[in-house]
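Have a look at the structure below before the remarks.
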Amino acid sequence: MTNLTNEEIWRGVLSEMEVSLSRASFVTWFKDTKIISKENGQIVISVPNGFVKEWIQNKFNKQIFQQLKQIDNDVREINYVVGNPFIKNADPKIFTKEIPLEQIQETSDTDIDPKTNLNRKYTLDNFVVGANNELAYAASMAVAKNLGKTYNPFFIYGGVGLGKTHLLQGIANKIMKDNPDKRIIYLPAEKMVSELIEGLKNKTIEDVKMRYVQKDVLIVDDVQFLAAKETTQEIFFATFNNLYNRNKQIILSSDRAPKALSAIEERLKSRFEGGMIADIGIPAYETRLAILKMKMKSKPVVLPDEILEYIAVNIQKNIRELEGALNRIVAVVDLTGREPTLKDVEKLLKAYIQASYRKTSAQTIIKTVCDFYGITLSDLLKKSRKTFLVRPRQIAMYLLREDTKASFPDIGSRLGGKDHSTVIHAYRKIIEEADGNESLKQEINLIRERIYNKA
Ligand code: ADP
Ligand code: MG
């Protein structure tokens, strides 16, 4: 249960939607919407007309549901009703704030080029570089300047909301600016798969293939979604080879390293591994703060550093959430016309912070790990090198580090006086292994579920 009002909840959802849509679609679909009731996990959202209702239901329902669920875990069902058009929106200013002209141009729908699917707002210039994405950024620059020559294919991987799509589109936008004659296509893998399936069904597959191989640059985002059908992988493989053999640039992204793409054929994986691979990790505090400052530039209000610092400290793992939090505060400042205090900000971001950084204790972690593996605490603290004890110990160290942010020496002393270098080693080992090992990832998720369901 959350004690936020319906207005506050909806405002939270809207600020998330605002990040993921162009200004024009955001206003079109979400103007004059509001939550009109919330009972027993059932949310009723009023929308201005049947057209909007259908559109939201088909296109955004899942995303809205996820956002609502993050803010209030009890949400089970959403109903949309066509409401009284005279009901004033909960937060009209979100829709009427004056936006500098450049920004309107930057995010309007006409800037999503239907031929390339690219959005101009993602550039390499407004991508903030930190230790977490340095390599990916440098390689992106190199690729944009040296098409098909330096790194081919170029494969970027990393978790959700860490800037993969931004980088891919940034490369594409740079190429279009520097070499307007180059033909580029950007495809989310899901879209590619549906184009292929459609093509097979309608017997237009040759046209679809032709459209891909006629390009100088093929960019496929989120290739983990290629999975599924063998035939689509087959066509993808052929397309890949065709372009590759003619030195056309191929750029790919995924949420995990190529070797961990379990649903993808070996021969395709080894193609992916044949070029440059760069990962994007979680940004450090300074980078998060720099990103917030960068995003601030296109907002209609200015927030004091103190508030940006608060957001950067508290939202750590996902830049999309970081940006969502910023938008939420900006919307409120714009609405009330008054600078919020830290207390206000704390209240506004409570839902985000709880969702993205759940609290637990070292004790809970240790106890849960022991229970999970069926060993006793003294087993865990022993110096024994038996495999069935080493793994749980390493996982405990990893979770203590990740989820409580305890220092390595602290973790060592909690776990029976181990040296901090042992802890660092264990921590790194788990990260490395989990990267290519779905069952280990699963194991960690299961343990986390237990840890947080206890709280
Ligand atoms: P992913 O594709 O990895 O899920 P996105 O590229 O969609 O993530 O990034 C989510 C949001 O975070 C986007 O609005 C993007 O502009 C922003 N973002 C991520 N990393 C950076 C960065 N280094 N500098 C500026 N903005 C960033
Ligand atoms: Mg993406």
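A short reminder: the numbers here are calculations on the coordinates, not readings from a lab. All values derive from a computational prediction rather than experimental measurement. Note that we place each Cβ from the backbone using ideal geometry, even for glycine, and neighbour counts take in every protein chain shown.
For Lys259, give me every one of the aspartates and glutamates with a C-alpha distance below 15 angstrom, ignoring sequence neighbours fewer than eight places off in its own chain.
Hits, sequence-local ones excluded: Asp222, Glu273, Asp279, Glu432, Glu433, Asp435, Glu438.
Given only helices, namely DSSP H runs of n ≥ 4 each adding -39500 (n - 2.57), what is the per-residue ellipticity at 222 nm of the chain, to the nearest 500 deg cm²/dmol? Before the final figure, lay out each step's value.
On the way: 22 runs with 255 residues, N = 455.
That comes out to -17000 deg cm²/dmol.
What FRET efficiency do you get for Ser37 and Val160 if R0 is 22 Å and r is their Cβ-Cβ distance, rounded to the nearest 0.05?
On the way: r = 31 Å, r/R0 = 1.42.
Using R0 = 22 Å, I get an efficiency of 0.10.
Helices from the chain with mean Kyte-Doolittle at least -1.0 and a Cα length along the axis of 18 Å or more, per DSSP H: which?
The qualifying helices are 6-20, 164-178, 189-202, 230-245, 319-336, 342-356, 387-404, 420-436.
What nm distance separates the two modelled labels at Thr231 and Asn79, each placed 7 Å from Cα along Cα→Cβ?
Distance between label points: 4.1 nm.
Note the full-extension length gain between Asn437 and Glu346 as 0.36 nm times their separation in residues minus their Cα-Cα distance, in nm to one decimal.
Numbers: separation 91, 0.36 × 91 = 32.76 nm, distance 3.76 nm.
Gain on extension, Asn437 to Glu346, equals 29.0 nm.
Arrange the peptides 247-255, 442-450 so that the one whose residues have, on average, the most other Cβ atoms within 10 Å appears first. The partial results should precede the final answer.
Numbers: 247-255: 22.2, 442-450: 14.6.
Peptide ranking by packing, descending: 247-255, 442-450.
Starting from 0 in steps of 10 Å, tell me what percent of the Cα-Cα pairs of the range 285-356 lands in each bin.
Distribution as computed: 21, 61, 18, 0 percent.
Can you give me the relative contact order of the range 285-356 as a percent, contacts being Cα pairs under 8 Å and 6 or more apart?
Values: 53 pairs, mean separation 24.8, N = 72.
Relative contact order of the range 285-356: 34 percent.
Sorted by average packing, counted as other Cβ atoms within 10 angstrom per residue and highest first, what order do 112-123, 277-288 take?
On the way: 112-123: 16.6, 277-288: 18.5.
In descending order of packing, they fall as 277-288, 112-123.
Kindly rank 151-164, 19-32 from highest to lowest mean number of other beta carbons found within 10 Å of each residue. The partial results should precede the final answer.
Values: 151-164: 21.3, 19-32: 17.6.
Those peptides, ordered most packed to least, come out 151-164, 19-32.
So, R0 is 56 Å and r is the distance between the beta-carbons of Ser378 and Asn179; what FRET efficiency does that work out to, to 0.05?
Values: r = 65 Å, r/R0 = 1.17.
With R0 = 56 Å, the Cβ-Cβ based efficiency is 0.30.
Rg and Dmax of the range 169-224 over Cα atoms: what are they, in angstrom?
Rg and Dmax of the range 169-224, Cα atoms, are 12.5, 38 Å.
Rounded, prolate or oblate: which fits the chain when a ≥ b ≥ c are the square roots of the eigenvalues of the alpha-carbon gyration tensor, with rounded for a/c under 1.5 and prolate only if a/b beats b/c?
Working: a/c = 1.62, a/b = 1.07, b/c = 1.52.
The shape class here is oblate.
For the chain, with the dipole built from +1 on Lys and Arg beta-carbon atoms and -1 on Asp and Glu ones, taken about the Cα centre, which of Thr287, Ala238, Ile411 lies farthest toward the positive end?
Ile411
What spacing in nm lies between the two simple spin-label points modelled at Lys259 and Gln224, each 7 Å away from Cα in the Cβ direction?
Between Lys259 and Gln224, the label points sit 1.8 nm apart.
About the Cα centre of the range 285-356, what is the dipole size in debye to 20, counting +1 per Lys and Arg Cβ and -1 per Asp and Glu Cβ, all else neutral?
Details: 12 positive and 10 negative charges, 46 e Å.
I would put it at about 220 debye.
Can you compute the FRET efficiency between Met210 and Gln66 using 1/(1 + (r/R0)^6), with r the Cβ-Cβ distance and R0 = 41 Å? Round to the nearest 0.05.
Values: r = 37 Å, r/R0 = 0.90.
My answer for the efficiency is 0.65.
Give the cross-link partners of Lys343 among the aspartates and glutamates, using a straight C-alpha distance below 18 Å as the criterion and excluding same-chain residues fewer than 8 apart.
In chain and number order, the partners are Glu8, Asp305, Glu306, Glu309, Asp334.
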